[in-house]
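Engineer: I have a structure here, written as structure tokens, and I will follow up with some questions on it.
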Amino acid sequence: MKTIISIVDNLSADKFSYAQAVDLLTNGEVVAFPTETVYGLGAIATSEVAVAKIFEAKGRPQDNPLIVHIGSKEEIKEFTHDIPKLAEVCMETFWPGPLTLILPLKAGSLAENVSAGLPTVGVRMPEHPVALELLKQLKQPVAAPSANKSGKPSPTKAAHVYHDLNGKIPLILDGGTTGIGLESTVIDFVGEIPTILRPGGITKEMLEKVIGPVGEAKPTDHEEAPRAPGMKYAHYAPDSPVFLIEASIQKVQEAVEKIHNEQKKVAIIASDSFNQVQVDYFFSLGNENQLDDAAHLLYQALRDCDETDVEIILVPVLSKKGVGRAIMNRLEKAANGNWFRN
Ligand code: TXA
Ligand code: MG
């Protein structure tokens, strides 16, 4: 299959720019498109056959459910029920935007493989003009995970999607680099209290301001019940191993020297304050006081490592304040929990 990249003007709602994507989706094909978080790979959420093509193209495990994207709030009534009041408040406040709500699924309303057999469904209304316009023209819910090969960092550019899925999907809508750079916050409204299953751009603090106390699923929680099933798999991982390390220039310099003594090449992914360290490759996460920049640059940096001959990747830990919690969540997964010990 030939993969076409079609550049879409973010400001234009011109039907022609979307016609090919609408056509492909309506006919049961998959299409990659930009959202304000990362690029998604979409298929019509009511078609089992179309949704199966997402799993196939990504190499995604079948037990990992997909997020359903909508272009208007009315659509959720067709596939959810018993929406709690606090969930309504979140939709009012944060949609369109990077917040996914887990709600009770109306049995039989969507293709089975969307929810991987769970009685719940994740839903969000994206804020990106291209995603929103596509969904509005389509007028149907679209199941869409991140448009990366399973296990790799989510794509923040059309070129990342092309790199991972070239030949496996017919079309990529190119709306430029995504804004936030990390996936949406996932919050569960089915349990006792609203619980964050995956931290993201909408932080715990932002949520608590509007709905009161919010729980946080610990990384080990998934062993008990299928909370966010996706979180149990290896994720965001470059080809070479990633190690977290204390955010000290001296500690990082010592670690690099130790690795060099073993004749290995090393990369650092860190804020600019670490660029004085003598290292083989340095990938910047921007100014250390601008966590939004780090979120925006992280996946590109992890992907850049794969274009080098680096053998070990060191990442000094960042603050867990605000969006830092989401950044560190992804880094802990990329590192598989491993720390560099001198
Ligand atoms: O920002 C985003 O959310 C992007 C863009 C494309 O919208 N999408 C995305 O999808 O990150 P994906 O499939 O890569 O991640 C979805 C996460 C997974 O961890 C999955 O297990 C969880 O959401 N999830 C989906 N449905 C769920 C459900 N019913 N219950 C619990 N977790 C669910
Ligand atoms: Mg993903």
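The values are calculated or read from the model by the stated rules, or taken from the named source; none is laboratory data. All of these numbers come straight from a predicted model, not from anything done at the bench. Here the Cβ is made from the backbone with ideal geometry for all residues, glycine too, and neighbour counts use every protein chain on show.
Engineer: Do you know which residues across the range 251-303 are aliphatic (A, V, I, L, M) and in a loop (DSSP other than H, G, I, E, B)?
Structural biologist: 277, 279, 285
Engineer: Then there is this: Using beta carbons and a limit of 7 Å, which pairs, at least six apart or on different chains, have the first residue in the range 1-27 and surrounded by 13 or more Cβ atoms within 10 Å (Cβ to Cβ) and the second one of a type in the set (Asp, Glu)?
Structural biologist: 5/174; 6/174; 8/174; 13/133; 17/9; 18/133
Engineer: Within the range 100-118, track down each residue that is touching a residue at least 60 places away in the same chain (Cβ under 8 Å) and within 9 Å of ligand 1 (Cβ to nearest atom).
Structural biologist: 100, 102, 103, 114, 116, 118
Engineer: Against the conditions (1) out of contact with any strand residue (DSSP E or B) (no Cβ under 8 Å at 6 or more places or on another chain); (2) at pLDDT 95 or above; (3) in a loop (DSSP other than H, G, I, E, B), where does residue 126 fall short? Just the number, please.
Structural biologist: (1)
Engineer: Does residue 116 fit the bill of being surrounded by fewer than 21 Cβ atoms within 10 Å (Cβ to Cβ), in the same structural domain as residue 36 (by TED's automatic domain parsing), closer than 30 Å to residue 163 by Cα and at pLDDT below 95?
Structural biologist: Yes.
Rundown of residues vs (1) surrounded by fewer than 20 Cβ atoms within 10 Å (Cβ to Cβ); (2) closer than 25 Å to residue 160 by Cα; (3) in contact (Cβ under 8 Å) with a residue 40 or more places away in the chain, yes/no style:
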{"site": "253", "(1), (2), (3)": "yes, no, no"}
{"site": "262", "(1), (2), (3)": "yes, no, no"}
{"site": "265", "(1), (2), (3)": "yes, yes, yes"}
{"site": "271", "(1), (2), (3)": "no, yes, yes"}
{"site": "283", "(1), (2), (3)": "no, yes, no"}
{"site": "287", "(1), (2), (3)": "yes, yes, no"}
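Engineer: For the condition at pLDDT below 95, within 14 Å of ligand 2 (Cβ to nearest atom) and within 18 Å of the chain's Cα centre (by Cα), what is the one hit in 181, 151?
Structural biologist: Testing whether each residue is at pLDDT below 95, within 14 Å of ligand 2 (Cβ to nearest atom) and within 18 Å of the chain's Cα centre (by Cα) leaves just 151.
Engineer: On to the next question. Of all the residues that make up the range 129-176, how many are more than 10 Å from ligand 1 (Cβ to nearest atom), of a type outside the set (Asp, Glu) and assigned to a strand (DSSP E or B)?
Structural biologist: 3
Engineer: Another one. Just give me the residues in the range 149-189 being surrounded by fewer than 19 Cβ atoms within 10 Å (Cβ to Cβ) and aliphatic (A, V, I, L, M), in sequence order.
Structural biologist: Residue satisfying the conditions is 159 alone.
Engineer: Related question: Considering only the range 326-334, I want to know if a residue exists there that is among the β-branched types (Val, Ile, Thr) and either in a loop (DSSP other than H, G, I, E, B) or within 11 Å of residue 243 (Cβ to Cβ) (or both).
Structural biologist: no
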